Each structure stands twice: as C-alpha cells, then as structure tokens.
Amino acid sequence: MTKQERISIATSNAPGAIGPYSQAVQFGNMMITSGQLGMNAAGEFPDSVSEQAKQSLTNVKAILEAADYAMEHVVKTTVFLKDMNDFQTVNEVYATFFAEPYPARSAVEVAKLPKDGLVEIEVIAVK
C-alpha cells in the first residue's frame, strides 16, 4: 500500500485560517474543508444570516476551485447555525449552490461561532 500525501489547500479568495489549521486538506481524491464562516476574504461579515450563508458557501466554492474541485464534487456538508430558527433561510441559500443529487448534510445549532458569526459550513468533496 502506497502512502498518500496530505496537501494543504489555500486561496486568497476566501478568508485565511485564523488558527493553526488549513483552509482545506486534500488526501488522494478527497478534499475536506475547514468550517467557513460567512465573512469575506477581508474579514468583513454581512449583516443577515442569508448573506452570511451565501458568503460561507462562496468561500467553500473558492477553496474547492483552488484545487480543481467543484460544488458538484461535494458529498457531505455540515452546517453550524447560531440559531436553528434560521434553518429555512439558510436552506434557501444552500439550495442555490447545490443540485440533485444533493450532498448528505447535518445541521446543528451551536452556542457560539468564531467571531460571532451566524453560520459556518464545512464540506467533504470527492473526485
């Protein structure tokens, strides 16, 4: 069995890591992103949860594209919400980024997100 290399993926088209982690790691034909807050590359947050969800998924897309992946390669997502009452709003934005067959997904409410974000999304993609 051959040892596969982990490759750190980074792009300036999404916010940089705010700690000791990678924006994403590619391992063979699989890529796993770190959670992406709804802030732009300059670190600015839009006001609404729908705008933050859109920015979070735009960040995910930019990271995937940096390694020649696309949203259609996403097989699993995890959505972290500050308020589960925002689920439907985020779901409407989410549906504009994915087509059938949709990725598997978990959505959970959390007490707090980094930088007081309203939503954070991470994905697993496979080519």
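The values are calculated or read from the model by the stated rules, or taken from the named source; none is laboratory data. What you see is a predicted model; the values in this text were computed from it and never measured. Cβ sites come from the backbone with ideal geometry, for glycine too, and all protein chains shown count toward neighbours. These accessible areas exclude ligands, DNA and RNA; they are computed on the full protein's heavy atoms, side chains included. Shrake-Rupley method; radii C 1.70, N 1.55, O 1.52, S 1.80 Å.
A compact table of results
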read-out	value
Fraction in percent of alpha-carbon pairs per bin - 5 Å, the chain	2, 11, 23, 24, 20, 13, 5, 2, 1, 0
Taking the chain and dividing mean pair separation by its residue count, relative contact order in percent (alpha carbons under 8 Å, at least six apart)	31
Helix axis angle, 49-66 relative to the chain longest principal axis, alpha carbon, degrees	10
The range 1-117 - percent of accessible surface contributed by carbon and sulfur, probe 1.4 Å	49
Extension gain (nm, one decimal) between residue 8 and residue 22, 0.36 nm per residue minus Cα-Cα	4.4 nm
Of all DSSP beta bridges in the chain, antiparallel share, percent nearest 5	75
Those lysines that a straight Cα-Cα span of less than 27 Å connects to residue 112, excepting residues fewer than 8 apart in one chain	54, 61, 76, 82
Residue among 55, 75, 41 farthest towards the positive dipole end of the range 37-76, charges placed on Cβ	75
MRE, 222 nm, helices only [DSSP H, n ≥ 4, -39500 (n - 2.57), over the chain, to nearest 500]	-6500 deg cm²/dmol
Å² per residue, accessible surface of the chain at 1.4 Å	56
Packing rank of 29-41, 53-65, 92-104, 110-122, where each peptide gets the mean count of other beta carbons within 10 Å, highest leading	53-65, 29-41, 110-122, 92-104
